[in-house]
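For reference, the structure discussed in these notes is given below.
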Amino acid sequence: MEKTVHKVPFLRFAVALSSGILTGSIIFVNPFVLFGCLILFAGLLLWINSCYSYALTTYFGVVVNLFFIGTGILLYQNYNQKPEFFNNGKFIASVQEIMQEKQNSYQSVLKIHGFIEKDSIIPTEEMVMVYFEKNDAIKEIKPGQMLFFNQTPKPIRNNNNPYEFDYKNYLSKKKIYRQVYLSSGSWYPSDQLSIFSLSVLAEKVRLKLLNIFAQQKWVDREIDVISALTLGYKRGLDPDTKSVFTSAGAMHVLAVSGLHVGILFLILSCVFGFLNQPGVGKIVFIILILFFLWGFAFVTGLSPSVKRAATMFTFVVIGRSLKRQVNIYNTLAASAFFLLLFNPNNLFDAGFQLSYLAVFGIVFFQPRFTKLIYFRYKLARYFWRLFTVSVAAQLSIFPVAVFYFQQFPVYFWISSMIVLPAVTILIPLGIVLLAFSWTSYFAGFISGITGYILKLLINFLEWIEQLPHSVVNLHFSGMELTFISAVLLSFFFFVQFPKVKYLKGILFFFLLYLTTSLGIHAICLFRSEIIVYNYPGQYVLHLISGKKNYIVSEEEIKKTDHVHNVIANTVKGLRINPPVYLTCSQYYSDAILYCNKGLISFDGKIVHFHTRSRQIDSPFIPDIVVGTMEAENKENKLFQAEIILRDTFTNNDHSLNVYNLSKKGAYRKKW
């Protein structure tokens, strides 16, 4: 094993750097002390190297690891320094992304360049999420457009619903901490040219290419899919399309990654292969390959997965040209190392993690799986390789994918048989269509073929989605993820080094996983809890008793409502049965719940469900009052209850226990 590690030197550097970044995200270290330690470590390395001997090998390795751990901490803290926030004035900003249409607004990202206070301009640099009120002027705004606005951005807050996506943390890793809503009269465009930015230039180029796809005689769904496949633009995908690809286990093909870069690399190698000759031709070949690879990465938005793939293929191209043997594991580790140096927040990106895990799984397992069965016919061998690739990738990403997405696509191995060949054809066709869009007949011919394949692909994935049990809902807690990942890691070591200790590791960690999982399920059987979700527009109660649970809301909840997804996440996270949906005006009664016109009796608790249109006149003293009623009761019957409101509670009687959803997030009470 030690010899194997020595063949992958960048793995040690990447692990040490990642450990430092993770440490920096948990604890704060004084940067001056940290910088002094790094200088000390560098001095020790120089001293050990100058009088190097075999006895000092261990010390040298320890100091190298400490140096990169310290570097990781310093990088994370420096990269995530918050900008100075300005308020109550006029802002100068530029649009950074293509406008994305929402139900009631247009969404984009602004980069604030300056803050106007009285007669002076204070330079600043802050990224903010922006929502524009819908009007005709918005359609004219393109990436790079400068504008002025006078609305103060507000801090981004989560609704703090249980098991809800941490949107605030997600945006903070992109260095976005505030958001602003701009109504029609609160902003106006400027004729001033935007400050040059590579990301804005990439968005401008991508917008022009997206317009080429939009001009084709395809339905919106087909345009959105080809835009995601070739340009990495997923913002146009509607929820139904995402659901189809997710249920079929094919969502990964819509994120530009190693598959897409690999296909482009093969195309470029064929086109420019005649240049790959000793001398000047080889240099030109390398330059052209790298130029187009990174140009593709640039246009597709420089996502972590495409940067990883482009970096890896850069090492491969240069290594082959220098006739050096390329170790794929070292190449993977080196690309991760340099991407983390450039942006330490990549470590926390789900796409970054899944991308590396998938490639590692394919490289490690796929050759071994392929050798298990030999087929005489080439076509059979081809589909066997497709099957083994998909199984190897799913095996390696399984724990992390379930942790993030709480589901597992059962028929991924079927969809991969069609999706991978289709994508291998669609990506070159999409690129050719973009390159030759100025020709009418040839472009029309390519467009017709591309549209037909897109239609067949989408119809096939819809068929996969309709198969019984196409998606299995799963949920891993942090502890379960740790143990199941340890099982998988032990399995990796056992495959590489068949020793009894690794087999024992598999069994030991699997036993810990089962024990933890059974413990969580046992706790759920005795759970009694009330949750009031922080959902704008209406109050939604989730009443939980063991595995049984009920949803009581002011209005009927539809599957398309965002709160339905929030509830589904809670159900999966708590390992409980699908809920019974009720409205507060309904009558319902069973052994656990009584609900009638806003009066709820649940598992020993009395709940009054007040709304603006419904006030409860009840002889029962409630434990919890939910609603927007006035905090006034002459008989003081409600003064011992917990009052759940959205608006600020104005009553001065301090005996009332008031909980404001808007300020504190979802309300939870267990007993």
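The values are calculated or read from the model by the stated rules, or taken from the named source; none is laboratory data. Just so we're clear, the structure is a prediction, and the values are computed from it rather than from any experiment. Note that we place each Cβ from the backbone using ideal geometry, even for glycine, and neighbour counts take in every protein chain shown. For the accessible areas, the whole protein counts, side chains as well, though only heavy atoms, and no ligand, DNA or RNA atoms are used. Shrake-Rupley method; radii C 1.70, N 1.55, O 1.52, S 1.80 Å.
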Legend entry - Pairs beyond 31 Å (Cα-Cα), from Lys168/Lys217; Lys7/Lys307; Lys282/Lys371: Lys168/Lys217; Lys282/Lys371
Legend entry - Cα-Cα P(r), the stretch 92-199, percent of pairs per 10 Å interval: 13, 46, 32, 8, 1
Legend entry - Cα-centred dipole magnitude for the chain, charges only on beta-carbon of K, R (+1) and D, E (-1), debye, nearest 20: 2400
Legend entry - 5 angstrom amide H check on Tyr539, placed H, neighbours 5+ away: Glu554
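Rounded to the nearest 500 deg cm²/dmol, what is the calculated helix-only ellipticity per residue at 222 nm for the chain, with -39500 (n - 2.57) per DSSP H run of length n ≥ 4?
Taking each H run of at least 4 residues, the total per residue is -17000 deg cm²/dmol.
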Inset, instruction - Tell me the trypsin sites (Lys or Arg not before Pro) within the stretch 115-155 that lie in a loop according to DSSP and have at most 11 other beta-carbon atoms within 10 Å. - result: Lys118
Legend entry - Size of charge dipole - the stretch 543-615 - debye, nearest 20, with Cβ of Lys, Arg +1 and Asp, Glu -1, no other charges: 140
Inset, instruction - Please turn the phi angles of the stretch 134-141 into ³J(HN,Hα) values with the Karplus equation 6.51 cos²θ - 1.76 cosθ + 1.60 (θ = phi - 60°), one per residue in order, whole Hz, x for glycine and proline. - result: 5, 6, 5, 5, 5, 5, 8, 7
Inset, instruction - In whole Hz, with x marking every Gly and Pro, tabulate ³J(HN,Hα) for the stretch 272-288 from phi via Karplus 6.51 cos²θ - 1.76 cosθ + 1.60, θ = phi - 60°. - result: 9, x, 5, 7, 6, 10, x, x, 5, x, 5, 5, 4, 4, 4, 4, 5
Inset, instruction - Take the alpha carbon atoms of the stretch 164-195, find their center, do the same for the stretch 543-608, and report the distance between the two centers in whole angstrom. - result: 36
Inset, instruction - Could you work out how far helix 220-231 tilts from the main Cα principal axis of the chain, as a 0 to 90 degree angle to the nearest 10? - result: 50
Legend entry - Theoretical gain in end-to-end length, Asn78 to His469 [0.36 nm per residue, Cα-Cα removed]: 136.1 nm
Inset, instruction - Give, to the nearest whole percent, the P(r) tail of the stretch 225-328 beyond 19 angstrom, counting all Cα pairs. - result: 49
Legend entry - Cα-only Debye scattering, the stretch 386-511: base-10 log of I(q)/I(0) at q = 0.20 Å⁻¹: -1.11
Legend entry - Rounded FRET efficiency, nearest 0.05, which uses the C-beta distance separating Arg157 from Phe436 and R0 of 51 Å: 0.60
Inset, instruction - Estimate the FRET efficiency between Ile328 and Arg668 by the formula 1/(1 + (r/R0)^6), using the beta-carbon distance for r and 35 Å for R0, to the nearest 0.05. - result: 0.15
Legend entry - Cα-based equivalent ellipsoid, the stretch 504-627: semi-axes from gyration tensor eigenvalues, Å: 33, 17, 11
Inset, instruction - Calculate, axis by axis, the spread of Cα positions in the stretch 321-405 along the three principal axes, and write the results as whole Å, longest axis first. - result: 48, 42, 16
Legend entry - Of Lys102/Lys139; Lys175/Lys242; Lys90/Lys111, those spanning more than 22 Å from alpha-carbon to alpha-carbon: Lys175/Lys242
Legend entry - Asp240 accessible area, assembled protein chains, probe 1.4 Å, Å²: 100
Inset, instruction - Search the structure for amide H atoms under 5 Å from the amide H of Leu474, placed 1.01 Å from N in the peptide plane, and list their residues when 5 or more places away or on another chain. - result: Gln407, Phe408
Inset, instruction - Take Ile520, project a point 7 Å from its Cα along the Cβ direction, then tell me which residues of the stretch 561-578 have their backbone nitrogen under 16 Å from it. - result: 568-577
Legend entry - Principal axis box of the stretch 152-196, alpha-carbon based, largest edge first, Å: 45, 27, 13
Inset, instruction - Would you mind working out the magnitude of the charge dipole of the stretch 445-595 relative to its Cα centre, with +1 at each Lys and Arg C-beta and -1 at each Asp and Glu C-beta, to the nearest 20 Debye? - result: 760
Legend entry - Cross-link reach list, lysines versus Lys597, counting only Cα pairs under 23 Å and skipping chain neighbours closer than eight places: Lys548, Lys558, Lys605, Lys634, Lys637, Lys669
Legend entry - Top positive-direction residue, dipole computed over the chain with Cβ charges, set Ile92, Ile643, Leu599: Ile92
Legend entry - Efficiency of FRET between Glu101 and Thr482 - r from beta-carbon atoms, R0 51 angstrom, step 0.05: 0.80
Legend entry - Semi-axes of the equivalent ellipsoid for the chain, Cα gyration tensor, largest first, Å: 46, 33, 31
Legend entry - In nm, spacing of pseudo-spin labels at Lys175 and Arg385 (7 Å Cα→C-beta vector): 4.2
Legend entry - Among 469-477, 499-507, the order from most to least packed when residues are scored by Cβ within 10 Å on average: 469-477, 499-507
Inset, instruction - Give, as ranges by residue number, the residues of the stretch 520-545 whose backbone N falls under 14 Å from the point 7 Å along Cα→Cβ of Ala591. - result: 545
Inset, instruction - Please turn the phi angles of the stretch 451-466 into ³J(HN,Hα) values with the Karplus equation 6.51 cos²θ - 1.76 cosθ + 1.60 (θ = phi - 60°), one per residue in order, whole Hz, x for glycine and proline. - result: x, 5, 5, 4, 5, 4, 4, 5, 4, 5, 5, 5, 5, 4, 4, 7
Inset, instruction - Work from the charge dipole of the chain (Cβ charges, +1 for Lys and Arg, -1 for Asp and Glu, about the Cα centre) and give the residue of Asn569, Thr124, Gly273 farthest towards its positive end. - result: Gly273
